[in-house]
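Report on one structure; see the data block that follows.
The values are calculated or read from the model by the stated rules, or taken from the named source; none is laboratory data. Not measured: the values here are computed from a predicted model. Counting neighbours? That spans all protein chains shown, and the Cβs are built from the backbone with ideal geometry, glycine included.
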């Protein structure tokens, strides 16, 4: 029915379409978060120096995932399960490194299975991958430990040594060897949802933190949506500070940077 005060079905459909387009344009993108759970007695003892945190953090930042927490636990089942359950409830994703090798103290896969309440056994998909590297006679019970995967998990490709990682729920389980974790993280990335990328700019100030603390704090109050941090350095006998500003909005980041430089004033030597 048409007439004053009434709209045709076609008009209504057009309005719904326009409204939908507007909503998609103004709705903020979802912030995708993650935690990294580093597993291994060797990390806590200092025998092995962790080289994975920086790579995971940098990769997450590049693809639009905010790494919010890094936690290190021993090769202890209750510690792994407790940390994993806490982190997977708090963040979009949990990445784990370490503890999926062939030795008796590699208990990550078993701990993850218990955390999810699912059985774990040798997975024929993983065995097929190991056969690409090992002869049948070399697939010993010890090596087959690397093919034990929790029920319902997706495999993550390992192009270095073939023994796969796996993804179950929002938990991504990877090896601890840097070269292997890099290939695994790249392999699983297309399966992850991502959010807006965090952009950063830096300002080098040839002054100690004590001199820039007040203008930095006032700028932060003026731009609460822009993260600001100060990182001191000592170079050629002089103290200085690198100021880093981060935001997902390029325009806000540009304004905040200009505002901070103005607040620092002409007495401080600034390089960008």
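Tabulated results
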read-out: Any hit, the range 2-24, residues being modelled with pLDDT of 50 or more, on the phi < 0 side of the Ramachandran plot, crowded, with 17+ Cβ neighbours inside 10 Å and not in a strand (DSSP E or B); value: no
read-out: Verdict on residue 42 being assigned by TED's automatic domain parsing to the domain that holds residue 178, loosely packed, with under 15 Cβ neighbours inside 10 Å and out of contact with any strand residue (DSSP E or B) (no Cβ under 8 Å at 6 or more places or on another chain); value: no
read-out: Residues being surrounded by fewer than 16 Cβ atoms within 10 Å (Cβ to Cβ), under 29 Å from the mean Cα position of the chain (by Cα) and modelled with pLDDT of 90 or more - total across the range 245-272; value: 6
read-out: Condition met for residue 48 (at pLDDT below 95, closer than 30 Å to residue 116 by Cβ and out of contact with any strand residue (DSSP E or B) (no Cβ under 6 Å at 6 or more places or on another chain)); value: yes
read-out: Criterion violated by residue 69 - all others in (1) within 24 Å of residue 49 (Cβ to Cβ); (2) in a helix (DSSP H, G or I) satisfied; value: (2)
read-out: Residue match in the range 202-218 (condition: surrounded by fewer than 14 Cβ atoms within 10 Å (Cβ to Cβ), outside the structural domain of residue 66 (by TED's automatic domain parsing) and touching a helix residue (DSSP H, G or I) at 6+ places or on another chain (Cβ under 7 Å)); value: yes
read-out: Residue, surrounded by the most Cβ atoms within 10 Å (Cβ to Cβ), within the range 219-244, restricted to residues that are farther than 16 Å from residue 261 by Cβ and touching a helix residue (DSSP H, G or I) at 6+ places or on another chain (Cβ under 7 Å); value: 232
read-out: Any hit, the range 197-205, residues being touching a strand residue (DSSP E or B) at 6+ places or on another chain (Cβ under 7 Å) and either under 16 Å from residue 55 (Cβ atoms) or in a helix (DSSP H, G or I) (or both); value: no
